[in-house]
Amino acid sequence: MKNLASGVVLIVDDVETNRVILGEILGDMGCKTVLAQNGVDALEQIAKEPPHLVLTDISMPEMDGYELCRVLKANAETREIPIIFISAFDDPSDIVKGFELGGGDYITKPFIPELVQARVNVHLKLYEATVGIREANRRLQVSVNEQLRQMEQERKNVLYALAGVAAENSWHSADYIERMRHNCRILAQSMQLSPQFEDQISDSFVETLEYAAPLCDIGNIGIPKEILQKQTALDDEERERMKGHTRIGTKLLEDLKVTNDYNDFIQISADITHFHHENWDGSGYPEGKRGNEIPLAAQIVAMSSIFCALTEERSYRQSYDREKALEIMQQEAERKFNPDIFSIFCKVARQLR
């Protein structure tokens with residue numbers, strides 16, 4: 001596996017064999033592992049050395065995995081540490097309970113090394129990004145104006161880097177982000193010339209949209225690669241996990257709100273990230289918004305992202321040409337898109353990349 005993250009991982013399991021096996025799997029990633037027999041022992045270890053990630057069994061003596069999760073999420077100093085439950089149980093209610101308590105993922109026994117490493121890798125990267133962003137927030141609050149502007153640009157660079165990783169994990173082509181920027185600008189500028197939208201789209205909106213659009217799927221940084229790159233249909237659980245990228249991305253962006261100027265960029269980015277899978281007829285997610293309840297920026301990005309996806313090559317199909325992509329989009333236009341925006345989109349299609 002390439003681009004492996006590393007860090008301190010606490011393994012909590014009352015069975016020594018399980019601790020040893022997981023320790024070897026994570027050691028192969030370059031992680032430092034700390035071992036604990038139960039929740040009480042785990043809290044003592046955390047007090048000595050806070051980990052970057054906790055893998056905990058559910059059924060243990062003295063303090064089980066659920067209670068350990070409750071304690072960690074109730075403490076401001078430990079609530080951000082991601083928790084992955086490990087158990088032989090596969091009852092959906094056990095899995096749901098873990099997520100409700102704040103768990104970030106679930107691994108069943110017996111352990112599949114590649115799966116364990118993939119999920120641990122995702123959560124370590126997400127934790128690293130969260131910590132980095134939180135630290136940047138702290139520094140930003142004590143900076144002078146020039147430093148603020150400089151750091152805000154640095155933050156955008158971090159977001160674009162994360163968006164690039166998310167796009168790569170999703171098998172998007174290398175130029176996907178630049179195509180998204182270009183196509184959203186072309187569509188927004190064309191809408192600005194239409195009497196229907198001229199009052200809603202300013203030059204500032206077009207510029208901000210251009211830089212915010214590529215962040216639409218930044219939440220994919222928190223979705224396992226095996227789901228993002230699956231070449232067969234997702235099952236119900238995987239589909240729900242996939243939908244969660246809107247929530248992950250929106251939270252990541254909203255944690256960045258600090259200054260007024262920067263918040264314009266973050267607010268539009270958050271609108272895009274959260275709502276770009278809504279459909280014009282209300283059949284989308286995560287909130288089932290319909291019509292103009294969907295923020296305009298999200299409507300523009302949704303259309304552009306589908307076009308970009310259709311016109312790039314995937315491992316399981318060739319890319320579609322511009323005409324075929326528009327034909328495919330036309331088949332669901334009334335359900336997915338604002339018909340007025342789609343009409344403009346088709347008129348400027350030759351300018352799109």
Of Glu146, Glu154, Glu135, the only residue that is in a helix (DSSP H, G or I), at pLDDT 75 or above and surrounded by fewer than 17 Cβ atoms within 10 Å (Cβ to Cβ) is Glu135
Inside segment 263-299, the number of residues satisfying the requirement of being closer than 13 Å to Asn338 by Cβ and β-branched (Val, Ile, Thr) is 1
In the set His123, His172, the lone residue that is within 18 Å of the chain's Cα centre (by Cα) and at pLDDT 80 or above is His123
Of the listed residues (Leu26, Leu53, Leu22), the one being buried (at least 19 other Cβ atoms within 10 Å of the Cβ) and touching a His at 6+ places or on another chain (Cβ under 6 Å) is Leu53
One residue is enough: does segment 200-207 have a residue meeting the conditions at pLDDT below 95, part of a helix (DSSP H, G or I), small (Gly, Ala, Ser) and closer than 18 Å to Val122 by Cα? no
So the helices (runs of 4 or more DSSP H) completely within segment 244-353 holding 1 or more residues that are buried (at least 23 other Cβ atoms within 10 Å of the Cβ) are 245-254, 260-275, 296-310, 339-347
Per the list (1) without any contact (Cβ under 8 Å) to a residue 40 or more places away in the chain; (2) in contact with a Pro (Cβ under 7 Å, 6 or more places away or on another chain); (3) charged (D, E, K, R), residue check on Asp64 breaks on (2)
Flagged pairs (Cβ under 6 angstrom, 6 or more apart or on separate chains; first in segment 108-122, without any contact (Cβ under 8 Å) to a residue 24 or more places away in the chain; second part of a loop (DSSP other than H, G, I, E, B)) are Thr108/Asp90
Being touching a helix residue (DSSP H, G or I) at 6+ places or on another chain (Cβ under 8 Å) and under 27 Å from Ile221 (Cβ atoms) narrows Lys32, Lys125 down to just Lys125
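The values are calculated or read from the model by the stated rules, or taken from the named source; none is laboratory data. The structure displayed is predicted, hence computed values, not measured ones. Reconstructed Cβ throughout: ideal geometry from the backbone, glycine too, with neighbour counts over all protein chains shown.
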